[in-house]
Amino acid sequence: MKHGRAHNSASPVAGAAAMIAYGLLLSWAVRTERLPLQAAFVPLVLSVITFVAYALDKHAAQTGRRRTRESTLHLLELAGGWPGAWIAQQRLRHKSRKPAYRRAFRAMAMLHCTALAAWWWTRG
């Protein structure tokens, strides 16, 4: 394992595949009119907000300032910002080494996608 990098070779591929699947799910929801086109931008905005929250937390960790609670980061992921969180984990190398955090992150992403799919499925 290289210094400063998590040994997680499957994560980039699995994460990219998950984001592609999520994009397809959103496209399907828009195409079948289960989601208005404008609402499809909400996950994009939440992802940007979540990425910024990760960046601010990493900066706080490096400068000894007050950190963002992990529960807050997980709430942002659950709300739909998990793609931004995944990108932040890869690009910023933040929260990528803690196995318990990564498990909770994956759970938030799966819960978000499952809840959306169930809601959309029952509306159709």
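The values are calculated or read from the model by the stated rules, or taken from the named source; none is laboratory data. Being a predicted model, the structure only gives us computed values, none of them experimental. Here Cβ is always computed from backbone atoms with ideal geometry, including for glycine, and neighbour counts include all displayed protein chains. Side chains are part of the model used for accessible areas, which takes the heavy atoms of the whole protein and leaves out ligands, DNA and RNA. Shrake-Rupley method; radii C 1.70, N 1.55, O 1.52, S 1.80 Å.
The residue pairs whose first member lies in segment 81-96 and is within 12 Å of L56 (Cα to Cα), whose second member is open to solvent by 20 Å² or more (accessible area, probe 1.4 Å) and outside any helix (DSSP H, G or I), and whose beta carbons are closer than 6 Å, counting only pairs six or more residues apart or on different chains, do not exist in this structure. When residues in segment 24-35 are screened for being touching a residue at least 24 places away in the same chain (Cβ under 8 Å) and outside any helix (DSSP H, G or I), 3 of them pass.
Restricting the search to segment 72-109, which residues are farther than 23 Å from A40 by Cβ and touching a Leu at 6+ places or on another chain (Cβ under 8 Å)? Once the filter is applied, which keeps residues that are farther than 23 Å from A40 by Cβ and touching a Leu at 6+ places or on another chain (Cβ under 8 Å), segment 72-109 yields only K95. Within segment 68-98, the set of residues being open to solvent by 70 Å² or more (accessible area, probe 1.4 Å) and over 12 Å from the mean Cα position of the chain (by Cα) comprises R69, S71, R91, R93, R97, K98. Here F41 meets each of (1) open to solvent by 20 Å² or more (accessible area, probe 1.4 Å); (2) modelled with pLDDT of 95 or more; (3) of a type in the set (F, W, Y) with one exception, condition (2).
Counting only helices (runs of 4 or more DSSP H) that sit wholly inside segment 69-124, those with at least 3 residues that are basic (K, R) are 99-123. All conditions in (1) modelled with pLDDT under 95; (2) farther than 18 Å from A16 by Cβ hold for I87, with the sole exception of (2).
Residue-by-condition table, conditions (1) modelled with pLDDT under 85; (2) open to solvent by less than 60 Å² (accessible area, probe 1.4 Å):
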position	(1), (2)
R5	yes, no
L37	no, no
A60	no, yes
G64	no, no
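Note on segment 110-122: among residues that are touching a Leu at 6+ places or on another chain (Cβ under 9 Å), open to solvent by 30 Å² or more (accessible area, probe 1.4 Å) and farther than 16 Å from A16 by Cα, the one that is modelled with the highest pLDDT is L111. Being touching a residue at least 12 places away in the same chain (Cβ under 8 Å) and polar (S, T, N, Q) is the filter here; which residues of segment 36-57 pass it? Across segment 36-57, the qualifying residues are S47, T50.
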